[in-house]
Amino acid sequence: MNRVFITAIAILFYFTKAAFAQESECRLDTLNVYKYIPDTEVRYLTSRVLYQYTTDNKLLQRTFQSYNDATGIFTSTTRYNYTYNNEGELAELIYLNWNTSTSAWNPYGRTQYSYSTAAPHQVVLEQDWDDANNVWENYSRRSSTINSEGYLIESINEQWDNFYNVWYNSQRYSYQHDASGNKIFESREGWNGTTNSWQFQFKRTSSYSPGSDLLIEFTDQNWNTVNNAWVNTQKANYTLNASNQYTEILFQVWNANLSLWQNNIRVVNTYFTFPSTTQSLRLAWNNAQSVWLNNSKSTYTYDINDNETSIFEEDWDESSSAWQNNFFLFREYNADNDLLFEDFRNQWNPNLGYYGNRTRSEYRCNRVESLTVSEYEEGNEIQVYPNPINAGESLMVHSDKVQPYILINLNGQVVSTGNLSEGTNAINTSGIRGGIYILRISNFTKKVLIQ
């Protein structure tokens with residue numbers, strides 16, 4: 001399904017970072033994106049995103065516009081229109097492109113959401129616009145079932161057959177949770193059209209630190225259709241310090257020939273108090289030498305309000321035995337913890353000593369009436385797991401409320417976007433290439449590694 005790619009660093013659906021004592025939020029109205037001439041402070045406006053809202057502050061429309069620096073004219077390119085049902089839930093999202101020849105908006109896709117008190121509790125329907133016949137054509141459908149505790153327990157994906165005009169099964173995801181709501185089991189099955197039955201593909205079992213939601217171990221297995229048996233593929237062990245911070249994550253892969261686990265990736269985290277900084281060192285195992293070798297290093301800094309102010313990513317260069325810059329992201333907030341801008345730099349040129357690409361996203365917002373303390377309970381968190389994740393698997397996100405998300409690559413391109421329901425959500429990574437991505441949910445940011 002063709003969905004627009006937006007070149008902008010960390011585009012927000014909703015700009016909400018209100019303290020619990022406040023009854024207002026800074027609602028994003030305009031996002032301006034600038035690009036810099038390499039190795040200078042000279043910048044020029046490239047695009048902007050305009051946001052419109054309903055009277056009750058729900059996102060109504062996003063319009064993407066490119067900017068011509070020579071003429072000083074903005075040209076619309078893409079628009080997203082949002083519609084809600086009587087309960088305030090997202091009911092439809094329509095994607096449109098601007099036709100410069102006809103000076104009109106043309107639809108190219110839409111997503112419809114339906115909800116029910118009976119299973120399936122949520123159905124997400126994806127459709128493409130057929131220009132030739134001026135009709136909507138089915139593309140895909142996802143039906144999700146949620147248990148009485150509010151946790152996702154099953155999700156079935158279907159694809160539309162245009163020739164026979166019927167839905168056919170594609171994949172089925174099943175989930176189990178412990179008494180604390182932690183996901184302890186996940187499986188993926190594919191539909192076998194020959195036998196008209198579901199066939200095992202993948203499963204993951206996870207365990208957590210007692211009495212908490214902190215993941216300490218998971219094991220992945222794939223189904224061997226020849227032997228009709230589960231085969232180990234990958235496992236990870238997480239080490240916590242006394243402050244319940246992850247100090248080490250060890251990833252191992254299964255060697256079928258030797259029938260044993262072998263080291264693969266090791267992540268070592270170091271925490272500093274002044275200033276608040278986390279350094280994450282990623283090591284790769286060298287089987288030939290039986291040693292850990294440097295791979296990449298990420299440094300995160302935070303302000304006194306625990307806002308993430310910078311991410312500095314470095315890669316290890318074996319030829320020079322030195323760290324080479326990968327990318328740098330800097331953020332600035334105001335006194336109310338509202339994000340003001342993001343400055344992103346990548347494409348490091350070691351010979352010239354500067355980044356070849358630099359963009360700056362500036363956020364313009366207006367403070368509006370927001371949720372009260374009783375409606376916005378303190379202590380709710382966003383949880384993202386597993387991380388790293390294998391390409392094609394589901395990225396699990398536990399959200400305390402219904403809210404949109406966006407996943408972008410390091411070039412600022414949107415690779416996945418949608419809306420999270422309250423509870424556990426599965427983000428499909430099928431078709432997304434391996435690499436480092438940034439997951440944004442309001443002011444929450446998480447680096448995601450897809451292997």
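Going through (1) surrounded by fewer than 18 Cβ atoms within 10 Å (Cβ to Cβ); (2) more than 30 Å from Gln234 (Cβ to Cβ); (3) within 26 Å of the chain's Cα centre (by Cα) one by one, Gly353 falls short only on (3). Considering Asp303, Asp317, the condition of being surrounded by 11 or more Cβ atoms within 10 Å (Cβ to Cβ) and more than 19 Å from Lys446 (Cβ to Cβ) is satisfied by Asp317 alone.
The sole residue among Ser116, Ser148, Ser174 that is modelled with pLDDT of 95 or more and among the small types (Gly, Ala, Ser) is Ser174. When Gly181 is tested against the conditions (1) touching a residue at least 40 places away in the same chain (Cβ under 8 Å); (2) of a type outside the set (Lys, Arg); (3) under 27 Å from Asp400 (Cβ atoms); (4) touching a strand residue (DSSP E or B) at 6+ places or on another chain (Cβ under 7 Å), the lone failure is (4). For segment 81-135, the set of residues classified as within 20 Å of Asn157 (Cα to Cα), touching a residue at least 12 places away in the same chain (Cβ under 8 Å) and among the hydroxyl-bearing types (Ser, Thr, Tyr) consists of Thr111, Tyr113, Ser114, Tyr115, listed by residue number.
Considering each residue of segment 249-280, count those that are within 21 Å of Leu449 (Cα to Cα) and not charged (D, E, K, R), and give that number. So the answer is 19. Condition check: modelled with pLDDT of 95 or more, of a type outside the set (Asp, Glu) and within 24 Å of the chain's Cα centre (by Cα). Does Thr77 satisfy that? The answer is yes for Thr77. Please indicate, with yes or no, whether at least one residue in segment 60-73 is at pLDDT below 95 and closer than 20 Å to Ser416 by Cβ. Taking every residue of segment 60-73 in turn, none turns out to be at pLDDT below 95 and closer than 20 Å to Ser416 by Cβ. If you go through segment 196-224 and pick out every residue that is modelled with pLDDT of 95 or more and either assigned to a loop (DSSP other than H, G, I, E, B) or over 22 Å from Asp178 (Cα atoms) (or both), you end up with 9. The residues in segment 44-61 that are surrounded by 15 or more Cβ atoms within 10 Å (Cβ to Cβ) and β-branched (Val, Ile, Thr) can be counted, and the count is 2.
Is it the case, given these coordinates, that Val267 is over 22 Å from the mean Cα position of the chain (by Cα) and either surrounded by 12 or more Cβ atoms within 10 Å (Cβ to Cβ) or of a type outside the set (Gly, Ala, Ser) (or both)? No, not satisfied.
When Ile37, Ile11 are checked against the criterion of being modelled with pLDDT under 50 and either more than 20 Å from Arg440 (Cα to Cα) or under 22 Å from the mean Cα position of the chain (by Cα) (or both), a single residue qualifies: Ile11. As a summary of the residue check, Ser430 satisfies the conditions (1) farther than 28 Å from Ser180 by Cβ; (2) in contact with an Asp or Glu (Cβ under 8 Å, 6 or more places away or on another chain) except for the one numbered (2).
Residues in segment 74-88 that are over 25 Å from Asn32 (Cβ atoms) and surrounded by fewer than 15 Cβ atoms within 10 Å (Cβ to Cβ): Asn85, Asn86, Glu87, Gly88. The set of residues in segment 152-176 that are surrounded by fewer than 18 Cβ atoms within 10 Å (Cβ to Cβ), of a type outside the set (A, V, I, L, M, F, W, C) and in contact (Cβ under 8 Å) with a residue 12 or more places away in the chain comprises Glu154, Gln159, Asn162, Tyr168, Asn169, Ser170, Ser174, Gln176.
Inside segment 62-73, residues that are surrounded by fewer than 16 Cβ atoms within 10 Å (Cβ to Cβ) and touching a residue at least 24 places away in the same chain (Cβ under 8 Å) make up a count of 1. Just one residue in the set Thr205, Thr219, Thr195 is over 21 Å from the mean Cα position of the chain (by Cα), farther than 30 Å from Asp400 by Cβ and either surrounded by fewer than 17 Cβ atoms within 10 Å (Cβ to Cβ) or of a type in the set (Ser, Thr, Tyr) (or both); that residue is Thr195.
Looking only at segment 356-385, residues that are in a loop (DSSP other than H, G, I, E, B) and either at pLDDT below 80 or exposed (fewer than 15 other Cβ atoms within 10 Å of the Cβ) (or both) come to 12 in all. Taking segment 266-332 as the region of interest, the strands (runs of 3 or more DSSP E) fully inside it that hold 3 or more residues being in contact (Cβ under 8 Å) with a residue 24 or more places away in the chain are 291-302, 308-317.
The values are calculated or read from the model by the stated rules, or taken from the named source; none is laboratory data. Being a predicted model, the structure only gives us computed values, none of them experimental. Cβ coordinates were reconstructed from backbone atoms using ideal geometry, including for glycine residues, and neighbour counts include every protein chain displayed.
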